[in-house]
Every structure is written in structure tokens, then in C-alpha cells.
Amino acid sequence: MPFAPGACSANPLNLYLTRLAPSSQTTLRYVLQDAADRLGYEDLNLEDIPWHQLQPEQVTALVATLRRDGYAPSTSSLYVNALRGVFNEAWRASLISYDHLLKMRSVKAMGGTRLSRGRNLRRGLIQELMAVCAADPRPQGVRDAAIIAVLYGSGMRKSESVNLDLAQVDFAQRSLQVLAKGNKQLIKYAPTWAFDKLQAWLDLRRADLPAGLEDDGFLFNRIRRGGHITRERITKHAIYYIARQRGAQVGVRIMPHDFRRSFITRVIEEHDLSIAQKLAHHTNIQTTASYDMRDDNERRRAIDRFDL
């Protein structure tokens, strides 16, 4: 039976999604749509699905289906956690009992881990990326160098970088204030060379402004074909495209999150895990440890030192 349209204000799906950031809403809506299709609700709109009527055995079957279809444990966890979020809202709206909520919470995602698909971008590769950006005569070259410098130099996420405002940047302290996951305000630091790249971009952008117009309040702009700097904020998709495009120019497949992985790995190498945890703003040090991307050659060298 579909969810009653008159109960839209108490729809647990809507209540759950409104608690999320816009970017997370898009992701979790896709996840819940796929979960609904697998649960047999492919003929219903997502808002009309009677989430509160789901039973533990249905979620258990969903987890088994994800395992059979080759989904990674982390993806299984994403599906289960999304459903738990909806169940929590169903309980808050008095659509299910607390006993039912506990039963739904007891369903576990599949266990296990997978090797990371990311890569550690060595210092020499970052220098190559800076070189290809410098060789680009378009405004994109200066902007992309600044974006890469901020991502790699501070370890911030791409979603944090696109939301940066000019007022959040302190050149004297070499710091950037970001709104991170969990609606947390954090301070990120970056080296002098990264701020030099950022200053070069701001100088170029301001020089491009017609006389009498004020500078944009955000940090990174979209640039159209022909090198036209728009008055629009860059998107996360554009950050993804920049990483892929500049990576292809140096012969390496790069994802935006590789800059964060590489930042954390380098801090672990040159300092220690606890410092890396603080700079990454991870609550759990095991999360930081999972970012350690030092390659097999380094691990082999460590083992080779165990001579008799």
C-alpha cells in the first residue's frame, strides 16, 4: 500500500532527506531509489513507498542481493545506513514502534573491506600537474593550478573547495575556513606555495573584471569556452572534470579525492598518524590510517630490513 499522500509532512523519507546537505540528498535519493526497486517497489514513486511497513527480513534480503551482485561492503553499508535513517524518522513520527526500530537496526551490512581504488600522488606528479597548468594560456590554467594547490595543500574535500568564499580565506595565517561533513566549521591550513597559486588566480580574476564591478564573494569561478570567466561558482562536477583532464595530460587517472588521500599519506610519512588525524579532522584514527597510500615498494623495503 503506497504512503498516504495526506501524510506527506510525516513521510519518513522526506523527513530524513531534509536533514541532509543538498549534495548528500542527491546521493541518498539515488541509493534509496535503487533499494526500493530491489525491494519490489519499482512501480511506486519514492515518496509513495510505505517505508514504515518494511520488515527486517526484507532488509536482510536486500543485503544478500547486494552481495550477490558484487557490491563492495562500503556500498552495502551506505544502503543499510540510508534505510536506518528513514526508519529513525518513521519512529520519530510514531509510524513504527521502538521495538520495530530496534529490529530494523539489528540488520547488519555485509562485512569485509576492499582495497582502495585511489592513488598516492607523489610530489613529482603534483609538480607535473602544476607544469601543465602553467603551460595552459587560458584562464583555466591559473584557476586549475589554484584548485589543485588548495586540494593537495590542505587536504580538503572537493565539496568543501567549491563552497569556499573569499571571506573564509586568511592569507596572513595561510588558513581556509570550511563547512565540512556533519555541518562542522573547520580551519584548514595550506603551505605558502598553495597560497601563491591562489593569489595568482585571484589577481587574474580581478584583472578580468570590468571597471566598477566588485570581486565575486566566492573563490572559484566557472570558465566557459573561449576563456570567459563567469560570475558563477564552480561545481563539484567541474572539480571532477579538472582532476580527470589534468591527470590525462600527465598520463595518470586522477580522482579529486586522490589529492586528499595524498595529503594525508604525506603527513603520515613526514610526521605521524596522530598529526595526520588532526589535519584531516577525523574523529577516529582508524579512518586516518585507511588513507595511508604508501605503495608496495615501500612495504617491501620495510620487510627487507629484517635481516638475520
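The values are calculated or read from the model by the stated rules, or taken from the named source; none is laboratory data. What you see is a predicted model; the values in this text were computed from it and never measured. In this analysis, Cβ positions are derived from the backbone assuming ideal geometry, glycine residues included, and neighbour counts consider all displayed protein chains.
For the reader, a short list of remarks on this structure follows.
- Members of the range 245-276 found to be more than 24 Å from ASP292 (Cβ to Cβ) and in a helix (DSSP H, G or I), listed by number: GLN245, ARG246, ALA248, GLN249
- Checked against (1) out of contact with any Asp or Glu (no Cβ under 7 Å at 6 or more places or on another chain); (2) modelled with pLDDT of 95 or more; (3) under 20 Å from ARG119 (Cα atoms), ALA200 meets all criteria but (3).
- If only residues of the range 40-67 that are part of a loop (DSSP other than H, G, I, E, B) and among the acidic types (Asp, Glu) are counted, the one that is nearest to LEU20 (Cα to Cα) is GLU42.
- Each residue in the range 120-157 was checked for being charged (D, E, K, R) and closer than 24 Å to PHE171 by Cβ, and 4 of them qualify.
- Filter result (surrounded by fewer than 17 Cβ atoms within 10 Å (Cβ to Cβ) and not in a loop (DSSP other than H, G, I, E, B)) within the range 162-174: ASP165, LEU166, ALA167, ASP170
- Taking the criterion of being surrounded by fewer than 22 Cβ atoms within 10 Å (Cβ to Cβ) and of a type in the set (A, V, I, L, M, F, W, C), the only residue of the range 47-61 that qualifies is ALA61.
- Residue ranges of helices (runs of 4 or more DSSP H) in the range 68-161 with at least 2 members basic (Lys, Arg): 73-92, 98-105
- The set of residues in the range 148-162 that are of a type outside the set (A, V, I, L, M, F, W, C) and touching a residue at least 40 places away in the same chain (Cβ under 8 Å) comprises TYR152, GLY153, SER154, GLY155, ARG157, LYS158, SER159, SER161.
- ALA135 satisfies every condition listed in (1) at pLDDT below 95; (2) assigned by TED's automatic domain parsing to the domain that holds THR230 except (1).
- Among residues of the range 66-85, those that are under 16 Å from GLY111 (Cβ atoms) and either surrounded by 13 or more Cβ atoms within 10 Å (Cβ to Cβ) or at pLDDT 90 or above (or both), counted: 13
- For the range 13-29, the criterion of being of a type in the set (A, V, I, L, M, F, W, C) and part of a loop (DSSP other than H, G, I, E, B) is satisfied by at least one residue.
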